[in-house]
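The next block holds one structure in the form of structure tokens; read it before the comments.
The values are calculated or read from the model by the stated rules, or taken from the named source; none is laboratory data. The structure presented is a predicted model; accordingly, all values stated were derived computationally and were not measured. So basically every Cβ, Gly included, is an ideal-geometry build from the backbone, and we count neighbours across all protein chains shown. Surface areas here come from the heavy atoms of the whole protein model, side chains and all, with no ligands, DNA or RNA. Shrake-Rupley method; radii C 1.70, N 1.55, O 1.52, S 1.80 Å.
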Amino acid sequence: MRSLPSLRLFALSALSALALAGCEVATSSAPQTETRPSAASPTTGNLGANAAARQFVQVVETVEPVAERLCRDRTRGLNCDFQIVVDDRPDQPANAFQTVDSFGRPILAFNIAMINSVQNADELAFVMGHEAAHHIENHLTKTRESATLGAVIFAGTAAVLGAEAEVIRNAEQVGAAVGARTYSKEFELEADQLGTIIAHRAGYDPVRGAEFFARIPDPGDKFLGTHPPNASRQEVVRRTAAGL
């Protein structure tokens, strides 16, 4: 779980400001689908601060209720009251992630660079759906469990081999890291799949939204990498969208 000491929580009524002043965009059978006429808008490169803020608010207002309904439909006992937060620290690389607060409420966090990096509302909706999907699929808990198992196995093996205390502690740390990454790629693809459904139900084009992957560095297919190749992710989106 990641803490959010520097994140400011904004009510939607106050998101028009969004702490984006002075920023410019760096371009770089299911229930009936809910539609929004302006969802498939033209590419919105070079948005000003106000336009970027309005786009973010609009995507939040359409995607959040869809994600919450799907969360309640698919889970039991999981907190589905999503809170959208913005990290307004300057000079941060584009980033979005999902975590939970101390009360178990799911947090979807976006920084200004991420909000500015998307070229259209479809991309932002897909990213938001992807992060919500991580919570719905309970990936944080599964990652912690996998990390714990890895730590126990590595540390236990070192102990059985007669390693000293420091070596055992190091083995425990390595095991936790390996365990945490064991299913990381699978979790990302699962989130892409469910994120596609969320974006689609909110009235956006997830295939167009997944074009976001074409502009970010490709992690390749590294052993114990945290993310799968971008081409694999786009293929999952296309295949899932075709089934909708």
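Normalising by the residue count of region 78-154, find the relative contact order in percent from Cα pairs under 8 Å and 6+ residues apart.
Working: 89 pairs, mean separation 22.0, N = 77.
Result for region 78-154 is 29 percent.
Given a 1.4 Å probe and every protein chain left where it sits, what share in percent of the accessible area of region 103-170 is carbon and sulfur? Present the calculation step by step, with values, prior to reporting the outcome.
Values: 1780 of 2800 Å².
Taking all protein chains in place, region 103-170 shows 63 percent carbon and sulfur surface.
Counting only protein chains, not ligands or nucleic acids, how are Val100, Val152 ordered by accessible area (probe 1.4 Å), most first?
Values: Val100 25, Val152 95 Å².
Ranked list, largest accessible area first: Val152, Val100.
Pull out a ≥ b ≥ c, the square roots of the eigenvalues of the alpha-carbon gyration tensor of region 64-160, then state rounded if a/c is under 1.5, prolate if not and a/b is larger than b/c, and oblate in the remaining case.
Details: a/c = 2.57, a/b = 1.51, b/c = 1.70.
Oblate, because a/c is 1.5 or more while a/b does not exceed b/c.
Let me check something: with ligands and nucleic acids excluded, how do Val167, Val59 order by accessible area (1.4 Å probe), largest to smallest? Before the final figure, lay out the partial values.
Details: Val167 75, Val59 0 Å².
Solvent-accessible surface, decreasing: Val167, Val59.
Out of residues 5 or more away from Val100 or on other chains, whose amide H comes under 5 Å of its own, with H placed 1.01 Å from N in the peptide plane?
Placed amide hydrogens put Arg2, Ile107 under 5 Å from Val100.
Counting other Cβ atoms within 10 Å, keep those with at most 10, restrict to DSSP loop, and tell me which chymotrypsin sites (Phe, Trp or Tyr not before Pro) in region 135-244 are left.
On the way: sites: Phe154, Tyr183, Phe187, Tyr204, Phe212, Phe213, Phe223; in loops: Tyr183, Tyr204, Phe223.
For chymotrypsin sites (Phe, Trp or Tyr not before Pro) across region 135-244 that sit outside H, G, I, E and B with at most 10 neighbouring Cβ atoms in 10 Å, the list reads Phe223.
On the principal axes of its Cα set, how long, how wide and how thick is region 105-244? Give whole Å, largest value first.
Here the Cα extents, ordered largest to smallest, are 59, 33, 32 Å.
What GluC sites (Glu not before Pro) does region 119-202 have in DSSP loop regions with at most 11 other beta carbons within 10 Å? Please report the intermediate quantities before stating the final value.
On the way: sites: Glu123, Glu131, Glu137, Glu145, Glu164, Glu166, Glu172, Glu186, Glu188, Glu190; in loops: Glu137, Glu164.
Within region 119-202, the qualifying GluC sites (Glu not before Pro) (loop, at most 11 other Cβ atoms within 10 Å) are Glu164.
Pull out the extension gain between Glu166 and Ser102, defined as 0.36 nm times the separation in residues minus the alpha carbon to alpha carbon distance; nm, one decimal. Can you show the working numbers first?
Values: separation 64, 0.36 × 64 = 23.04 nm, distance 3.19 nm.
Separation in residues times 0.36 nm, less the Cα-Cα distance, equals 19.8 nm.
With the crude spin-label approximation of a point 7 Å out along Cα→Cβ, what separation in nm comes out for Glu68 versus Arg54?
2.5 nm
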